[in-house]
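The values are calculated or read from the model by the stated rules, or taken from the named source; none is laboratory data. Keep in mind it's a predicted model, so treat the numbers as computed, not measured. Glycine gets a Cβ as well: all are built from the backbone with ideal geometry, and neighbour counts include every protein chain shown. The protein model used for the area step is the full one, side chains on, heavy atoms only, and it has no ligands, DNA or RNA in it. Shrake-Rupley method; radii C 1.70, N 1.55, O 1.52, S 1.80 Å.
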Amino acid sequence: MILELAPTQYEYLREIGSIYRGRQEFEPAVDYFERYIAAVPDDPSGLRALGAVHCDMGEHERGKAYFEQALALDPDNVGLLSDLATAEFNLGRFDEALAQFEDALAVATTAQDRVVAFWRLSRHAMLRGRPAESIEYKEREWRERERYNPAALVMTYYKLPELALYVAAGREERAFEILRTAETELAEPLKSTLPASYLGVYLELKDADRAEQALADFERYVEREAAEGWRGMVLDARGQIHEMRNEYREATESYRRALEFNPNDVYVKRRIARCHRLLGQFGESETYLKEHLTRTPFNPDAHHEMALLYAEIGEREKALEHLRVALEVWSEAEPGFGPAREAAAKMAELQAPAAS
């Protein structure tokens, strides 16, 4: 209807495509992005969007090709360079990915561009099992954000939601120190979102009782403010609390409802897969993990979980194959990084000679 009324408003083609992409309706998304590119061939945003949806579909080589075409039109675009780096990672080219992320940082000339570069470098470091390094990049990102945003907004919308990183790095006291600072320095209404930050920390600490208390406080905020955008997070958190208490059926139901708010959330899909495995529902677990690995084929946590699934059903060689991938991604993990140690221990167990 919009396009019938204003056929030359080509940006609507891209926006409609983005809506379909968010709903995981990839064929119409591709159609609208291609129509946008045909109408506005000199705008790299159409090629970038088309590359992204092909990556969502698991066609990472094709997605990379579209990113390269977009970069030919805008060679110093930090976001595009980072997208290309992510595609390299998803093709298993880890050294190339890191070099590309570093290239993106090198060409960044504004604080906003450096934010993009540091955010992507932080995520890359975490995937490689380097939480301390991830935090270093994250802190540099926050400093750049403070160049063009009030410190209170950076604290509320960027620092506080990322405190689980400190827990993953074994620095939970630093997370609580930042929370105490926020309690002192933030004013309402920003301060009212603090329960969400405590919730994230307690979930990472696997402290079900304190997480439940924080969730109750957070739910009151969501209800009071009618903050619909937080509903998925509430359901995901409730699922994690159920899972900590070995209530896997209840956890699965909460996770499924969370997915309704964000169908592309591979982390929730991985949690659903884990619950199905623990319930002995191996086919359902495998289905969710295959979806996860289509979109992120070298996610080490997904490969680790797939290995646990195959080990459970006696598919030893398949389990070892997935463990090898996980450990390849984590080959340069920081000493003491728990998931890498667990994967290595599982591999040693599966490779041990059977008792006679």
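Straightening the chain between ARG220 and ARG147 buys 23.0 nm, computed as 0.36 nm per residue apart minus the Cα-Cα spacing. Taking other residues whose beta carbon is less than 13 angstrom from the beta carbon of LEU327, and scoring Lys, Arg as +1 and Asp, Glu as -1, yields -1.
Stretched out fully, how many nm does the piece from THR181 to GLU342 gain, at 0.36 nm a residue minus the Cα gap? Separation in residues times 0.36 nm, less the Cα-Cα distance, equals 54.5 nm. For GLU212, the solvent-accessible surface with a 1.4 Å probe is about 90 Å², rounded to the nearest 10. Take 254-262, 15-23, 116-124 and order them by the average number of nearby Cβ atoms within 10 Å per residue, most first; the result is 116-124, 254-262, 15-23. Sorting 155-166, 41-52 by average packing, meaning the other beta carbons within 10 Å per residue, from highest down gives 41-52, 155-166.
In Å², and per residue, what accessible area does the range 57-156 have when probed at 1.4 Å with the other protein chains present?
Heavy-atom SASA per residue in the range 57-156 reads 43 Å².
For the range 204-317, give the percent of accessible area contributed by carbon and sulfur heavy atoms, probe 1.4 Å, rounded to a whole number. So the carbon and sulfur contribution to the accessible surface is 43 percent. So, with a 1.4 angstrom probe, what is the percent of accessible area on the range 65-126 that is carbon and sulfur? That fraction is 51 percent. The residues of the range 263-337 present an accessible area of 42 Å² per residue when probed at 1.4 Å with all protein chains retained.
Rolling a 1.4 angstrom probe over the protein heavy atoms with all chains in place gives the range 181-244 an accessible area of 51 Å² per residue. Computed from the C-beta positions of GLU349 and GLU102, the FRET efficiency with R₀ = 30 Å rounds to 0.20. Here is how the number arises for the chain: DSSP H runs of 4 or more residues each give -39500 (n - 2.57), the sum is divided by the residue count, and the result at 222 nm is -23500 deg cm²/dmol. Local charge for ARG14 was computed over the other residues whose Cβ lies under 13 Å away, with Lys and Arg +1 and Asp and Glu -1, and equals -2.
Just want to confirm a number: the relative contact order over the chain, from Cα pairs under 8 angstrom separated by 6+ residues, in percent.
11 percent
Counted by Cβ distance under 15 Å from ALA311, the other residues give a net charge of -2, where Lys and Arg count +1 and Asp and Glu count -1. Here the relative contact order of the range 111-237, from alpha carbon pairs under 8 Å that lie six or more residues apart, stands at 17 percent. Both numbers refer to the Cα atoms of the range 117-222; Rg and Dmax are 13.8, 38 Å. The simple spin-label model puts a point 7 Å past each Cα toward its Cβ; for ASP31 and ARG231 those points are separated by 2.8 nm.
Checking the cross-link pairs LYS159/LYS318; LYS206/LYS269; LYS138/LYS206; LYS64/LYS269; LYS64/LYS159; LYS159/LYS206 against a 28 Å limit on the alpha carbon distance flags LYS159/LYS318; LYS64/LYS159 as lying beyond it. Each 20 Å bin from zero holds the following percent of Cα-Cα pairs in the chain: 25, 59, 15, 0.
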